[in-house]
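Worksheet: the structure to be examined is printed underneath.
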Amino acid sequence: MSNFINPVKSAVAELKELITDAFGRLVAEGKIPAVAIPAFNIEVPANQAHGDFSSNAAMVCAKPLKLPPREIATLLCGALVLEGSHFKKSETAGPGFINFFLSEKWFSKTVKDIITAGNDYGKSSIGNGKKILVEFVSANPTGPMHIGNARGGALGDCLCSVLSAAGFCVSREFYINDAGNQIEKFADSLEARYLQIFNKEHEMPESAYQGEDITEHAKNFADIHGDKYAGENSALRREALVEYALPLNIKKLDDDLSKYRITYDKWFRESTLHESGEVERITELLKKSGYTYEQEGALWFKTTAFGDEKDRVLIRANGVPTYYVPDIAYHYDKLVTRGYDTAVDIWGADHHGYVPRMKAALQALGIDPDRLKVIIMQMVRLVKNGEAYKLSKRSGKAVTLETLLDEIPIDAARFFFNLREANSHFEFDLDLAIEKTSKNPVYYVQYAHARICSIQAKSREEAGVSGELPQTSNLIPPTTEEELALIRHLAAFPDTIELAAADYDPSPLTRYSMELASLFHKFYAQCRIKDAEPDLMNARLALCDAVKITLKNILDMMKIECPEVM
């Protein structure tokens, strides 16, 4: 059994037991017949005036008990024994709902439990140690990373942290497309730029990469080798150029992502699938599945059998596999060879149509397609001075991950990119990202953490103690609505993590943290700490500590700094 705490789930479990006991008491007293009680729900009402929890227990029992729901609710309220529990009262409502109100001691216990849990608060074991591989960014290694990669990086890395907190065993992976058409195009581009150094009349292919990085690679290669490869055959020249430039590009990807605070467990090369024979093996497995056929010299996969609009080519007539085959081999490697329970891919919106094709291939290979979770990520629109912003001031070129991180804080980038669900379009306000005001959401959250650190430091100084404040052994219960609202929100943190993990969406964390910061600032504005009598001051310092712990746990998950001074 896990020792992770969840104040809301604990209260729900206790409430279910209280209601079940009340039913048993009514049967024993002969007030209702001894029949099987259907499953009933316990929920948090949208309107706080309706209590902390609400149950439909009376309503679902109307048919088996042959009594009106309202009458059953009244009987249950009379039979409930709340003494010694974390609930102080119940009341009937509407057609037969029962509303329940938490006692003050539940609020005090929640604060104490959060402080005791510390860094573990918010964690759960719902993942049960299942293995999840999250593949994200996987930018084309033939050029620099763009803004879409910046969003995918923040999203994927934070999602990994969320899944880990929910009890999954998570691995981060970058898939390097170092084979296929894009590498051929990379070689074409490098070769042309290299030959232009010695023959300015040499033409650049129209389809070639035009970036300055290609020109720079060719120049540096020439500085090392001179015209040695100018007279060589094209195949040898292209191979030498790619062997020189590709590792440099991959290192640059790694360096930029490390700066972005992203570290991968594995960088997986597509070329290894070709070299190991996995591409050929997958082709043979697909043939054995009965879902392939030959037409005009090419090998086709019957994706229409799985709902696709048309069948897809696996092996071209010239014997060269399409990019589809190594992609299938890669996912087979994840889910079968390496045995991950689930593979999570984060793809751009332009890959939306590719999802059913990949799931079709898995199904044909006898793999449950639901083991592949694909997160589709929409485009980002950069905004500056209220207008679309496409060029970097520094280079005059399209904004890359590197230039973005030169212009705004890393904390802002990681927080902002997780403000919205991946499948929603997002406007990134570059001006707001550097503002040091409450309008900037990440600054607002960090400021709440720093403010609590200041409160704690001043309290220790004024109390003349070097140890930790507060004392949590005997906290007096909260009384103000600001305190109660803050503790209710703190209690919801573990469920927020579980929801984010279940939906493969880390954005609830940013929204939760912003609301937590807002509730804390309201509490601090309305509730005296410094001048309060000792027991009340101690309880409120404990509440500050619980908020600080929760904020730090969120920001740590997102790999965002938790400043103690701002």
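For the reader, a short list of remarks on this structure follows.
- The portion of the accessible surface of the stretch 7-102 made up by carbon and sulfur, rounded to a whole percent, is 56 (1.4 Å probe; DNA, RNA and ligands excluded).
- Mean Cα-pair separation over length for the stretch 114-229, i.e. relative contact order, pairs under 8 Å, 6 or more apart, %: 25 percent
- Think of the stretch 181-259 as having a plus end and a minus end, set by charges on the Cβ of Lys, Arg, Asp and Glu; of 224, 208, 181, 224 sits farthest toward the positive end of this dipole.
- Percentage of interatomic Cα-Cα distances in the stretch 181-259 larger than 17 Å: 42 percent
- Rounded to the nearest angstrom and listed largest first, the equivalent-ellipsoid semi-axes of the stretch 1-45 from its Cα gyration tensor are 27, 11, 9.
- Radius, Kirkwood style, for the stretch 7-102 when every pair of distinct Cα atoms is counted (Å): 13.2 Å
- Split the accessible area of the stretch 418-502 by element, probe 1.4 Å, and carbon with sulfur accounts for 49%.
- Peptides 328-340, 63-75, ordered by how many other C-beta atoms sit within 10 Å of their residues on average, highest first, read 328-340, 63-75.
- Average accessible area per residue (Å²) across the stretch 181-259 - probe 1.4 Å, nucleic acids and ligands excluded: 57 Å²
- Cα-based reach from residue 373 at 20 Å (exclusive), listing lysines while leaving out same-chain residues under 8 positions away: 130, 131, 266, 334, 359
- Theoretical FRET efficiency, 1/(1+(r/R0)^6), r = Cβ-Cβ of residue 81 and residue 112, R0 35 Å, to 0.05: 0.90
- Charged-residue dipole, Cβ positions (Lys, Arg, Asp, Glu), the chain about Cα centre, Debye nearest 20: 1220 debye
- Residue (of 319, 307, 289) at the positive-pole extreme of the stretch 266-353, dipole from beta-carbon charges: 289
- Based on alpha carbons, the Rg and Dmax found for the chain are 30.0, 102 Å.
- Remark: spin-label model distance residue 27-residue 515 equals 3.8 nm, labels positioned 7 Å along the Cα→Cβ axis.
- Projecting label points 7 angstrom from Cα along Cα→Cβ for residue 63 and residue 43 puts them 1.9 nm apart.
- Relative pair counts by distance (%), Cα atoms of the stretch 70-161, 10 Å bins: 12, 21, 18, 19, 16, 9, 4, 0
- Inter-probe distance in nm under a simple model that places probes 7 Å from Cα toward Cβ, at residue 219 and residue 474: 7.6 nm
- Degrees between helix 354-364 axis and first principal axis of the chain (Cα, 0 to 90, nearest 10): 90 degrees
- Relative to the longest principal axis of the Cα atoms of the chain, helix 441-463 runs at roughly 50 degrees.
- Accessible surface of the stretch 181-259 [probe 1.4 Å, protein heavy atoms]: carbon and sulfur percent: 48 percent
- Each peptide in 81-93, 50-62, 478-490 was scored by the mean count of other Cβ atoms within 10 Å over its residues; highest first, the order is 50-62, 478-490, 81-93.
- Our helix-only sum for the chain, with -39,500 (n - 2.57) per DSSP H run of n ≥ 4 divided by its residues, gives a mean residue ellipticity at 222 nm of -15500 deg cm²/dmol.
- The angle between the Cα long axis of helix 212-225 and the main principal axis of the chain comes to about 50°, on a 0 to 90 degree scale.
- Most positive-pole-ward Cα, 257, 273, 246, against dipole of the stretch 237-298 from beta carbon charges: 257
- Of the peptides 300-308, 145-153, the ranking by mean beta-carbon count within 10 Å, highest at the top, reads 145-153, 300-308.
- Added length on full extension, which subtracts the Cα-Cα distance from 0.36 nm per residue, residue 35 to residue 370: 116.7 nm
- Extension gain for residue 381-residue 485 works out to 33.9 nm (0.36 nm per residue, less the C-alpha to C-alpha distance).
- Per residue, the stretch 328-381 exposes 38 Å² of solvent-accessible protein surface, assessed with a 1.4 angstrom probe and all protein chains in place.
- A straight chain from residue 204 to residue 502 at 0.36 nm per residue would run longer than the Cα-Cα distance by 102.3 nm.
- Sorted from longest to shortest, the spans of the Cα atoms of the stretch 315-448 along the three principal axes equal 55, 39, 22 Å.
- Per-residue accessible area (protein heavy atoms, 1.4 Å probe) orders 276, 234 as 276, 234, starting from the largest.
- For a paramagnetic label modelled on residue 349 (point 7 Å from Cα along Cα→Cβ), amide N atoms under 14 Å away belong, within the stretch 372-388, to 376-382.
The values are calculated or read from the model by the stated rules, or taken from the named source; none is laboratory data. If you're wondering where the values come from, they're calculated on a predicted model, not measured in any experiment. Reconstructed Cβ throughout: ideal geometry from the backbone, glycine too, with neighbour counts over all protein chains shown. These area figures cover heavy atoms from the full protein model, side chains too; ligands, DNA and RNA do not enter into them. Shrake-Rupley method; radii C 1.70, N 1.55, O 1.52, S 1.80 Å.
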